[in-house]
């Protein structure tokens, strides 16, 4: 049935995240693991277009064949499909929803692309319908769709606990230069967890969780206390994000992913040699990132890494305010 798609189409940016430390706790009875992490949204993004028309059903289009879509008859496994299905029911809305995904973020890259796509789709759907779910209902639906989906309803710097779906906004921190390296491998998160259980479920897992908890607690108490910042040799206060990563945080997935994919370990070393103040795997990978003291240092690192054959791009961390201002700025 013909209808004017353009008049009902909403364009929205779907931003990526990195993990500033990720500690894996014990396996739970529901099959998930206890996690402790700090999520941080960054400027890299996909673009989502949500169109609402007459009829019924959900259609997903994407030129990347790895993304579940209507063309491959796999759309029902797409996070965007699942969140629209739940939201339409909760809003008691009717209509045919079409979702077009312009993919720029890596698939299975550890940047939360699929989860961010789901939240962007939800926000676009609400705008198209001129209806809005209560915040609590949004978070409930997001958590049902995926463990790291709720963080994209907060943005900025976000503490994640439970299986990662319990999210708590942290104080906005200054934007920090970042370089993202995307090796041409995909890491399956379920397989990475399985390998963690097989190799590293040993006494001491709770100690690792406690260690990160102490580091985060010390950082948070200093960040919120109003105590003066450490002054660098140039007379400037230390960037709080760099203070955080120096608290001893690390990503536990590196212990199982790096032996399986040695090129990822090499990528982290390449970032450090290029001047990163801190480098890490994001999520279960395969994306690596480095935090830099300035945008100029990040741009120089990108040039160096590309000469070495790495796929690298410079970006910046987004505060919560920047995240929400830019979402609909397409």
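A few points about this structure:
- Selection within region 17-40 - more than 18 Å from residue 159 (Cβ to Cβ) and either in a strand (DSSP E or B) or not assigned by TED's automatic domain parsing to the domain that holds residue 127 (or both): 26, 27
- Residue within region 90-105 that is under 22 Å from residue 163 (Cα atoms), in contact (Cβ under 8 Å) with a residue 40 or more places away in the chain and over 12 Å from the mean Cα position of the chain (by Cα) present: no
- Pick from region 68-83, criterion in contact with a helix residue (DSSP H, G or I) (Cβ under 9 Å, 6 or more places away or on another chain) and under 14 Å from residue 146 (Cβ atoms), ranking: modelled with the lowest pLDDT: 68
Listed here are the residues, each with its yes/no results for (1) surrounded by 24 or more Cβ atoms within 10 Å (Cβ to Cβ); (2) more than 16 Å from the chain's Cα centre (by Cα); (3) free of Cβ contacts under 8 Å to residues at least 60 places away in the same chain.
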residue	(1), (2), (3)
256	no, yes, no
259	no, yes, yes
295	no, yes, no
309	no, yes, yes
319	no, no, no
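- Region 261-293, subset crowded, with 24+ Cβ neighbours inside 10 Å and farther than 13 Å from residue 181 by Cα, residue modelled with the highest pLDDT: 292
- Test: residue in region 173-190 that is part of a loop (DSSP other than H, G, I, E, B), under 14 Å from the mean Cα position of the chain (by Cα) and more than 15 Å from residue 283 (Cα to Cα): no
- The listed residues are 146, 155, and the only one of them that is surrounded by fewer than 24 Cβ atoms within 10 Å (Cβ to Cβ), in contact with a helix residue (DSSP H, G or I) (Cβ under 8 Å, 6 or more places away or on another chain) and outside the structural domain of residue 251 (by TED's automatic domain parsing) turns out to be 146.
- Qualifying residue in region 104-113 (condition: in contact with a strand residue (DSSP E or B) (Cβ under 9 Å, 6 or more places away or on another chain), under 25 Å from residue 182 (Cβ atoms) and assigned to a helix (DSSP H, G or I)): yes
- Any chance residue 76 is outside any strand (DSSP E or B), assigned by TED's automatic domain parsing to the domain that holds residue 46 and farther than 19 Å from residue 123 by Cβ: yes
- Flag if residue 182 is touching a residue at least 12 places away in the same chain (Cβ under 8 Å) and either more than 27 Å from residue 66 (Cα to Cα) or assigned by TED's automatic domain parsing to the domain that holds residue 62 (or both): no
- Some residue of region 53-62 being in a strand (DSSP E or B), modelled with pLDDT under 95 and more than 30 Å from residue 181 (Cβ to Cβ): yes
The values are calculated or read from the model by the stated rules, or taken from the named source; none is laboratory data. Bear in mind that the values here come from a model prediction, so they are computed numbers and not experimental data. Neighbour counts are summed over all protein chains in view; Cβ atoms, including those assigned to glycine, are modelled from backbone coordinates with ideal geometry.
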